[in-house]
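One structure is given below, encoded as structure tokens.
The values are calculated or read from the model by the stated rules, or taken from the named source; none is laboratory data. What you see is a predicted model, and the numbers here were worked out from it, not measured in a lab. Here the Cβ positions follow ideal geometry from the backbone for every residue, glycine too, while neighbour counts run over all protein chains shown. When the accessible area is computed, the model is the full protein with side chains, heavy atoms only, and any ligands, DNA or RNA have been set aside. Shrake-Rupley method; radii C 1.70, N 1.55, O 1.52, S 1.80 Å.
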Amino acid sequence: MNIFLYFLTVLIWGTTWIAITWQLGVVPAPVSIAYRFWIASAVLMLFLIATGKPVWPPRSAWRYLLAQGLALFCCNFLCFYYASQSVPSGLVAVVFSTAPIWNAINGRIFMGRPIRRQVLGGALLGLGGIALLFLPQMRGHWNDSGMLFGLGLALLGTLCFSTGNLLSSRMQSLGLTPWLTNTWAMLIGATILGCGAWLLKMPFVVEPGMRYAASLLYLAIPGSVVGFTAYLLLVGRIGPDRAAYSTVLFPVVALSVSTVLEGYQWSALAVGGVLLVLGGNLMAFMQPVARPSRSPGATSVPAAPARGA
């Protein structure tokens, strides 16, 4: 099940990058994001009702839901939508791929979880691969103040994503499923965005044409209902640090889609980058090696599984 959830997340979220680019244009970004999560939360609510699952969260969960809605389904997406206007998409993906490192660090600081060396090493190896994949896009941009501001937004968005991961992990430890928490956190995030857009007098319009409508539905249902639920279930099963390593594979899937739809040309650097990313995935999911006892005649004891595994 862990493998299924992992690759389902990678496949869905790896293909949402191109759908997001089809959202940019006539409709303001906050309005498009609000549309996306209003639709997603409505679908999740119908699912809860149809399956007889609990619909109303306990009172103790509301502070976490409000924080998750603001961090994961509001600020996270705002940062990345606006960062994409001034930063090459490949470089945005590089910044987002630091999520496993931030999850490991934040999990240590706020939840007391140990940082597994395999996860940190795998994340760094994968980031090296992503850097090779997008090295051509990075050249000639480091003196651009607009791009540096966009990089800051992308980093802030990644931190918001990491915060949402930890909040989900906390709520799952309280017995709340992502089906329930996503329903309300998405509704909260979308409502905050919608109110902000209304106060700023942004137009609530829909771009004519099938491309916008199709991309919106894809982002709302597979990208949000299925993708976020699968990913946050994975967070609860294997921990935020290992689950977030799937973000390192997103750009690889996005490049594969771009090869078919946009004529992306592979280079030796790109192939080397993919190999590093795959190697990092293998390292991140390796179990700790048991250390043999130093006592004479003692038998080695298998290492305890990582928390959440």
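Between residues in region 38-59 that are over 21 Å from Gly194 (Cα atoms) and residues that are open to solvent by 80 Å² or more (accessible area, probe 1.4 Å) and part of a loop (DSSP other than H, G, I, E, B), which pairs lie under 9 Å by C-beta distance while being six or more apart or on different chains?
Within 9 Å, the pairs are Phe47/Lys53; Leu48/Pro54; Pro58/Leu174.
Here is a check on your reading of the model: is Ser32 within 21 Å of the chain's Cα centre (by Cα), small (Gly, Ala, Ser) and closer than 16 Å to Thr183 by Cβ? Show your work before the answer.
Working: within 21 Å of the chain's Cα centre (by Cα): yes; small (Gly, Ala, Ser): yes; closer than 16 Å to Thr183 by Cβ: no.
The answer is no for Ser32.
Please find, within region 239-248, the residue that is nearest to Asn106 (Cα to Cα) out of those that are at pLDDT 75 or above and of a type in the set (A, V, I, L, M, F, W, C).
Here the residue is Ala244.
How about region 129-150: which of its residues are open to solvent by 30 Å² or more (accessible area, probe 1.4 Å), modelled with pLDDT of 80 or more and closer than 28 Å to Gln265 by Cβ?
Passing the criteria: only Leu132.
Looking at region 62-88, I want the residues that are open to solvent by 40 Å² or more (accessible area, probe 1.4 Å) and have a partner that is aromatic (Phe, Trp, Tyr) with Cβ atoms under 8 Å, at least 6 apart or on another chain. Which pairs are those?
Partner pairs satisfying both residue conditions: Ser86/Phe149.
Please pick out the residue among Thr181, Thr163 that is open to solvent by 10 Å² or more (accessible area, probe 1.4 Å), assigned to a helix (DSSP H, G or I) and among the polar types (S, T, N, Q). Don't jump to the end; show me each part of the working.
Details: Thr181 fails: open to solvent by 10 Å² or more (accessible area, probe 1.4 Å).
Step by step, each of Thr181, Thr163 is checked, and only Thr163 is open to solvent by 10 Å² or more (accessible area, probe 1.4 Å), assigned to a helix (DSSP H, G or I) and among the polar types (S, T, N, Q).
Which members of region 185-211 meet the condition of being closer than 29 Å to Thr163 by Cα, aliphatic (A, V, I, L, M) and open to solvent by less than 70 Å² (accessible area, probe 1.4 Å)?
Ala185, Met186, Leu187, Ile188, Ala190, Ile192, Leu193, Ala197, Met202
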